[in-house]
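> Pasting a structure below so you can have a look.
The values are calculated or read from the model by the stated rules, or taken from the named source; none is laboratory data. What you see is a predicted model, and the numbers here were worked out from it, not measured in a lab. Ideal geometry is used to build each Cβ from the backbone, glycine not excepted, and the neighbour counts take in all protein chains shown.
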Amino acid sequence: MTVTSGGREQRSRGRGGGPAHRLYSVVVFVVLASLDNVAIGLVPPLYGPIARTFDTSTGLLGLVTAVSFLVSAVAAVGWAYVGDHGNRKPLLMVGTLIWAAGTGGSALAGGYLTFLLAQLVAAIGLGAVGSVGFSVVTDLITPARRGLVMSFWGLSQGVGTLAGTLVGGLLGANDWRRPFLLLTGVGLAATLAYLFTYDIRRGQAEPELAGALDAGADYDYRISRADLPRILDRRTNRWLILQGLTAQAAFGSLVWLPRLFAERAEAQGYSESTAVVVGSVFATLFQLGGVLSIVGGIVGDAAQRRTPRGRAMVAAVGILAALPFYLVLFFVPVTIDVPDGGSGGAVVGAVLSSVFTEPSVGLSLLTAVVALALTSANSPNWFALIADVNPPEHRGTVYSLGNLVNGVGRATGNGLVWGAFQGLRSAFPPPLNFAVGLAAFQLFFIPTGVMYWLASRSSPTDIDNVHDLLHTRADRL
């Protein structure tokens with residue numbers, strides 16, 4: 001993944017950065033990227049039990065998730081700027097400790113306000129993992145492999161969300177506090193794992209800098225406040241940042257997918273605890289198409305080798321082509337046949353069996369896999385494009401600005417869709433109100449696809465400008 005030569009490899013080993021150490025470091029960063037999404041996905045499947053414990057409404061629990069998205073995104077900008085300016089490793093460790101503390105506080109909360117405060121503390125720490133971690137990982141990946149490797153980065157986040165949904169539904173069906181305590185312990189273990197990662201050199205994967213770094217130079221350029229206008233002057237950056245407003249409005253609404261299938265289970269006569277498990281398992285199964293983000297990354301790399309517009313065009317086509325599949329997914333009737341009141345394992349087994357025995361479940365799963373496979377082309381190519389059109393010292397900040405807009409879009413989608421569910425309730429009884437509301441929010445993918453197409457027009461010039469800049473800096477070094 002990295003660009004190294006014999007001399008550079010020897011110096012790397014001298015600092016404890018040999019191949020095995022680099023692999024260990026990448027694994028730690030990718031796992032941590034998934035854990036922060038486990039924390040994000042943990043709460044939605046447990047809205048009902050938590051609301052009942054705190055004697056509050058499900059809508060107010062949805063507000064916690066929406067505000068947490070926004071706080072995490074705002075915090076990420078500060079974390080990223082500091083990371084682009086200095087040492088990134090301590091920031092990742094501190095951020096992980098903060099979100100672990102917030103997650104533990106959520107488990108111990110005695111009321112709604114305490115739970116909200118704990119979740120906001122966790123959100124502040126989560127902001128560091130994505131933004132600073134992204135900057136580090138891009139320094140391990142050569143441009144030709146960015147789509148593929150960033151697909152694993154994005155996939156780890158998707159898997160984390162799925163794991164959060166599944167762990168929340170299974171471990172929290174009878175005691176919602178247990179999954180929060182488990183994740184707290186995992187976060188503390190992850191902080192310990194960080195101690196043994198090595199400090200990745202900024203710019204070490206750039207071919208233009210290879211000769212200078214091999215000769216013993218260090219890439220010592222760092223972001224400054226004067227760089228911020230230049231970052232926004234790059235047209236591709238503007239489209240990559242703005243697309244998150246509409247894309248995440250659609251993606252943010254999908255955190256209610258477990259609730260849609262839980263409502264369907266309750267409408268068919270199942271108890272709330274069984275319905276929570278059913279909703280979590282169905283939502284997890286239906287998001288397995290996200291695994292195919294690897295294909296999206298590979299296709300993006302191949303397209304980029306043919307034309308500098310390639311990555312952005314792959315993302316645009318994937319986003320727009322997925323829309324009709326999402327619309328079908330929400331309205332296909334699903335027959336649920338599970339043992340009401342049975343153990344979590346028995347319910348999971350019955351749901352998995354129904355994929356092969358119940359045609360409506362199999363059709364829903366196929367539709368969901370195709371929809372998620374197409375939209376998953378967005379993630380690795382968005383990551384890779386940020387690295388392609390920005391020098392190393394700007395990438396964490398650009399990522400965090402994009403993530404901030406993503407957070408606003410996701411919080412908006414997550415918050416407004418609850419109002420849409422309630423507004424639609426008079427015309428469409430549950431669970432149909434959930435289906436109609438979710439379908440309407442997927443229309444936000446249309447402007448997202450258009451913005452990726454616009455990014456494909458500006459990216460060739462911005463990529464060439466970065467190449468020229470790095471060549472000039474290599475000569476100076």
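> Kindly evaluate residue 442 against the criterion of being under 30 Å from residue 74 (Cβ atoms), under 18 Å from the mean Cα position of the chain (by Cα), in a helix (DSSP H, G or I) and of a type in the set (S, T, N, Q).
yes
> Turning to a different aspect of this structure: Which fully enclosed helices (runs of 4 or more DSSP H) of region 354-431 have 3 or more residues being farther than 30 Å from residue 338 by Cα, out of contact with any Gly (no Cβ under 6 Å at 6 or more places or on another chain) and not small (Gly, Ala, Ser)?
Passing ranges, in order: 378-388, 395-424.
> Answer yes or no as to whether residue 333 is in contact with a Ser or Thr (Cβ under 7 Å, 6 or more places away or on another chain), surrounded by fewer than 18 Cβ atoms within 10 Å (Cβ to Cβ) and outside any helix (DSSP H, G or I).
On the way: in contact with a Ser or Thr (Cβ under 7 Å, 6 or more places away or on another chain): yes; surrounded by fewer than 18 Cβ atoms within 10 Å (Cβ to Cβ): yes; outside any helix (DSSP H, G or I): yes.
Answer is yes for this residue.
> Here's a follow-up. Among (1) among the hydrophobic types (A, V, I, L, M, F, W, C); (2) surrounded by fewer than 20 Cβ atoms within 10 Å (Cβ to Cβ); (3) not in a loop (DSSP other than H, G, I, E, B), there is one condition residue 265 misses while meeting the rest; what is its number?
Every listed condition holds for residue 265 apart from (2).
> Here is a further query. Scan (1) within 29 Å of residue 44 (Cα to Cα); (2) surrounded by fewer than 24 Cβ atoms within 10 Å (Cβ to Cβ) for the single condition residue 90 breaks and write down its number.
Single failed check for residue 90: (1).
> Please list, ordered by first then second residue, the pairs with beta carbon atoms under 6 Å, 6 or more apart or interchain, first in region 392-413 and crowded, with 24+ Cβ neighbours inside 10 Å, second of a type in the set (Ser, Thr, Tyr).
395/135; 395/138; 396/131; 396/135; 397/81; 399/131; 400/131; 413/253
> Condition first: modelled with pLDDT of 90 or more and of a type in the set (A, V, I, L, M, F, W, C). Now tell me which residues in region 387-404 satisfy that.
Matches in region 387-404: 387, 389, 398, 401.
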